[in-house]
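The values are calculated or read from the model by the stated rules, or taken from the named source; none is laboratory data. Values in this document were obtained by computation on a predicted structure and should not be read as measured data. Note: ideal-geometry Cβ built from the backbone for every residue, glycine included; neighbour counts use all protein chains shown.
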Amino acid sequence: MNYNLHPIFVHFPIALFLLYSALYIFPWPKRLPTVNWQIPRITILIAGLIGAWLSNSTGELAQRLARPDRAILEMHETFASASTNIYAILLIIELILFLNPEWLKNKYLLTLKPVLISLKKLFSKIWFLRLIALLGALSISLTGLLGGIMVYGVSADPLAAPILKLLGL
């Protein structure tokens, strides 16, 4: 017997990715200036990406069990992939910001030091990170909306019909 495990796993990356985006978009972490938010953000992204992988794996089984509308399913998969890619890029950026160029003691790694310093300078611009986090939040929200449409139909969410029309579905 096959069980649809997709609904069990799918909510974790949605919640974690939206939490990550909220940490950048809204200024509430400034109220706790003594807290270093870098490690929690990296942890949230890693857990979210693991959840996204599980969601993707179980989504293929859910597709066979439910047999949803093909056009909506393809758009759902597109936004799910885009969301995963955006947050994977954000994890890479977070890791680059976390790395200290002084840690590169090996003579072969020393050639990477100027590159790492340049990338840190580019990625430390808060507007840049907020923009990517906002794109990720939008993408994961559309993924969830399309998933909800496949399960509950268009009438379950007042935004469903206008968004489908906007997406050309």
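Side notes on the structure shown:
- For L116, the conditions (1) surrounded by fewer than 16 Cβ atoms within 10 Å (Cβ to Cβ); (2) at pLDDT below 90; (3) more than 19 Å from L49 (Cα to Cα) are fulfilled apart from (1).
- When residues of the stretch 119-130 are limited to those that are modelled with pLDDT of 85 or more and surrounded by 14 or more Cβ atoms within 10 Å (Cβ to Cβ), the one farthest from A88 (Cα to Cα): R130
- Applying the condition of being out of contact with any Ser or Thr (no Cβ under 9 Å at 6 or more places or on another chain) and exposed (fewer than 15 other Cβ atoms within 10 Å of the Cβ) to the stretch 131-153 and asking which residue is farthest from H11 (Cα to Cα) yields L131.
- Exclusive hit being buried (at least 17 other Cβ atoms within 10 Å of the Cβ) and not aromatic (F, W, Y), set H6, H11: H6
- Filtering the stretch 84-101 to residues that are over 17 Å from T43 (Cα atoms) and either surrounded by 15 or more Cβ atoms within 10 Å (Cβ to Cβ) or touching a residue at least 12 places away in the same chain (Cβ under 8 Å) (or both) leaves only P101.
- Selection count, the stretch 23-44, where residues are closer than 18 Å to F128 by Cα and either among the polar types (S, T, N, Q) or touching a residue at least 12 places away in the same chain (Cβ under 8 Å) (or both): 7
- Residue within the stretch 45-64 that is loosely packed, with under 12 Cβ neighbours inside 10 Å and at pLDDT 80 or above present: no
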